[in-house]
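Accompanying notes for the structure given below.
The values are calculated or read from the model by the stated rules, or taken from the named source; none is laboratory data. Everything quoted here is computed from the prediction, not taken from an experiment. Positions of Cβ are generated from backbone atoms using ideal geometry, with glycine treated the same way; all protein chains shown enter the neighbour counts.
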Amino acid sequence: MKIVLGNERGDIIKETIIKENFLKNNLIEKIDEILEEFLLEINEQVEKKLIGIGISVPGIVDKENNIIEITSSLRIPLNKIQNLSQKYNKKILIDNEANLCAISEKFLGLGKEFPNFIVLNIGDILNMSTFTEEDDYGNFSFKASRINHMNINFQGILCECGNRGCWGKYASEIALLEKFNNLDNNITKIKDIFKNDYLINENYSNLFNEYIEYLAIGIKNIIFLYNPEKIIISGKLSKYKENFKSELLEKIYSNNIFFRGKNTIEFSNLQEKGICLGAAMLPIIDELF
């Protein structure tokens, strides 16, 4: 779990990362505990200027049914966030991490140049959000999708959702790390893959090529479904795009029958910071729009 103090320019002023095991059904209670400690460490004058608090979750925020759906079997009442808001006397907003990536890309990243785009965030799971400018007055909408469970192989790997062949089991950050960790248990982070010449070794390069193949399959499906003006790929992998960008584009656009070409695909300059920056920006955007 990561908590940051950010401003309207996208600067991260303070950051705390908590690495420990906790139950997802105690998510809000854990956020409360960490938030209380974090706010105590902030200068009182700065704390008074806080517009609000944004929270990112990998699931869907269903306001109609008043729930936060982390998984199909884990749902948290949305009123728990309202209780936090009352406790801290701050506006607290919560949204899907892909939607928050879309916000940070629109106001701080590559999305500035485009009225409509898709953000594909590669993290522990795959998240996607479509961003749309609705008029000339700055109004916009965005919508997250359950792209992690898009089926790419109906006889494939069993997913936690109960189905087989979900895209996330092949193209998420966790899926990539698990493949490499099976060959070398010293590989526990994405950055480990791109050091020590791992990809020069045939065994490792074959694994990575297979990963890129699966990533390309899913992105091709997205292009067929949405015909997007731009797809912005965010997450830690975007930091290492020079190691695989050309290969990925070749796999996507070989035998090209798409309306648009390779320049549809971009890699985020915000990298893995997109989610946190989007969460920090969320109360500001809510205030403005």
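Per-structure values
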item: Condition check for ILE92: more than 16 Å from the chain's Cα centre (by Cα), of a type in the set (A, V, I, L, M), at pLDDT 90 or above and not in a helix (DSSP H, G or I); result: yes
item: Every pair of residues 6+ apart whose Cβ atoms lie under 7 Å, when the first sits in region 74-101 and is more than 16 Å from GLU47 (Cβ to Cβ) while the second is outside any helix (DSSP H, G or I) and of a type in the set (Phe, Trp, Tyr); result: ASN99/PHE142
item: Within region 1-71, strands (runs of 3 or more DSSP E) holding 2 or more residues that are buried (at least 16 other Cβ atoms within 10 Å of the Cβ); result: 2-6, 52-57, 60-62, 67-71
item: Verdict on ILE118 being surrounded by 15 or more Cβ atoms within 10 Å (Cβ to Cβ) and in contact with a Pro (Cβ under 7 Å, 6 or more places away or on another chain); result: yes
item: Residues (in contact with a Leu (Cβ under 9 Å, 6 or more places away or on another chain) and of a type in the set (Lys, Arg)) located in region 15-69; result: LYS24, LYS30, LYS63
item: Breaking point among (1) more than 21 Å from GLY10 (Cα to Cα); (2) not in a strand (DSSP E or B), for ALA102; result: (1)
item: Of residues in region 263-276 being part of a helix (DSSP H, G or I) and at pLDDT 90 or above, the one surrounded by the most Cβ atoms within 10 Å (Cβ to Cβ); result: GLY274
